[in-house]
Amino acid sequence: MSSLSPRDGFASTSWSLVLAAARDDQAGPALDGLCRSYWRPMYAYARRSGLSPTDAEDATQDFFVYLLERSWLKQADPDRGSFRAFLLTLLRNFLSNQRRHEQAAKRGGQNPLLSLDTADCEQELAALASTEADPAAVYERTWANCVLQAALGRLAEEQLRGSDAARFEILRPFVTHAPTAGDYERLGTQLGLARSRLAVIVHRLSRRYAELIRAEVAETLTDRADLEPELRRLLGAVSH
């Protein structure tokens, strides 16, 4: 296996840490973090599989319990690839064999482990209703959107810690959508910057955003060789 190397900026990944920690029963925190970041594709898949919003939320919670409580990681193959693909396979099997009432009883009425804000996800699903019905395709697209949102969130955290926080809030929309001539004129007046300077700032923000997308994807892989194909697949999912 060709591991992600420090030279690439990906010295260790969340998914590789989960697989390594499984050998001594310490996978919980890393796995918990991955699932909290990427629960939306699971919920979207359950919805497109025919479950109601309430049942899909329950199924996602149940699947999360299953991931944290079962010993499936002890047999995990360190070369199994991306967390995204592995999770989809596991989720398909889980839903096909799910007995919702038994799982609910197993939780014993405890509060859900995940706080699921499904309203935005429902809006996204509604927008896809006329163009995409395949649960696996919806899963892929929702996963890709989660990656992009997570990378943008990381960029915002970096910028808001610096001295240009107010400027970033104004320029944030143009990290993902290039400014038009009219935008440059308006922003130049608002920020007191020449167009050439604005163009440089926006370019640097967009470049850093691309770097963080790569880092976000890398955290769900164990093999550096999978990074470019995974990026193409995820970015292709949001372009359709």
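Assuming 0.36 nm per residue, please report the length gained on full extension of the stretch residue 189 to residue 166 beyond their Cα-Cα distance.
Values: separation 23, 0.36 × 23 = 8.28 nm, distance 1.49 nm.
Length gained, residue 189 through residue 166: 6.8 nm.
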**Report entry** For the range 179-184, Karplus couplings with θ = phi - 60° (6.51, -1.76, 1.60), whole Hz, Gly/Pro x
**Finding:** x, 8, 4, x, 4, 4
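Read-outs throughout are calculated quantities, based only on the coordinates presented, and are distinct from any laboratory measurement. On a predicted model such as this, the values are computed, not experimentally measured, just so you know.
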